[in-house]
Amino acid sequence: MAHAKIIHVKESSAELKRLQKNQPLIIIKRLNMLIELKKNGQAGIPKRQLAILIGVDPNSIQSWRTIYSDSGITGILSHGRIGFKPSLISPEEHKKIEHKLLQPKNALRGYKELMQWIKEELGKDLKYTTVVEYSKRHFGSKIKVARKTHVLKDDEKVAVFKKTSVKSSKKSLLK
């Protein structure tokens, strides 16, 4: 069995605990690793045992130890995430799409028609998956779901049908 890699932590335990405050979970776990390394001092601690103490994968421990050896505490405190991509659709375009999707008489029949409408009206050539995921996320749309009412349904005929169907069903119940 290989010997434990000995890492000399320059920062004090109090300083590491102070740094833990207001940090994301990934940084807190890295700092917990440094605190455990500081406790063991000259004896060293194997990466698998350290991984069990902290609750992470041993490969993470190995990479974090390498980061600390190469760039110190600044490397440990930076996690390299740059944030989210900006949306391809602006708020004004979002409102136009929402208005188009909420029109019951002039509705679109699918995502391909929505893609074509976006290309013609907004001048954006988006991928199919982008349109589908955006519609699901923002408008709660689903693929292959029937509409609640028919687009060409006449409300007056429905009212007449309901009036006559109620009378005929009552007569059939009385018989």
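The values are calculated or read from the model by the stated rules, or taken from the named source; none is laboratory data. What you are looking at is a predicted structure, and each value in this text was computed from that prediction instead of being measured. Cβ: placed from backbone, ideal geometry, glycine included. Neighbour counts: every protein chain shown.
Remarks
- Residue within the range 125-147 that is charged (D, E, K, R) and in contact with a Pro (Cβ under 9 Å, 6 or more places away or on another chain) present: yes
- Given (1) in a helix (DSSP H, G or I); (2) within 19 Å of ILE73 (Cα to Cα); (3) within 36 Å of the chain's Cα centre (by Cα), number of the condition ASN22 does not satisfy: (1)
- Residue list for the range 29-57, filter: within 23 Å of ARG81 (Cα to Cα) and exposed (fewer than 15 other Cβ atoms within 10 Å of the Cβ): GLY55, ASP57
- Some residue of the range 72-80 being surrounded by 12 or more Cβ atoms within 10 Å (Cβ to Cβ), closer than 25 Å to HIS150 by Cβ, touching a residue at least 12 places away in the same chain (Cβ under 8 Å) and not hydroxyl-bearing (Ser, Thr, Tyr): no
- The selection criterion, being surrounded by 12 or more Cβ atoms within 10 Å (Cβ to Cβ), modelled with pLDDT of 85 or more and of a type in the set (D, E, K, R), holds for GLU11.
- Checked against (1) more than 30 Å from ILE6 (Cβ to Cβ); (2) at pLDDT 90 or above, GLN62 passes all but condition (1).
- Enumeration of residues in the range 1-19 that are of a type in the set (Gly, Ala, Ser) and outside any loop (DSSP other than H, G, I, E, B): SER13, ALA14
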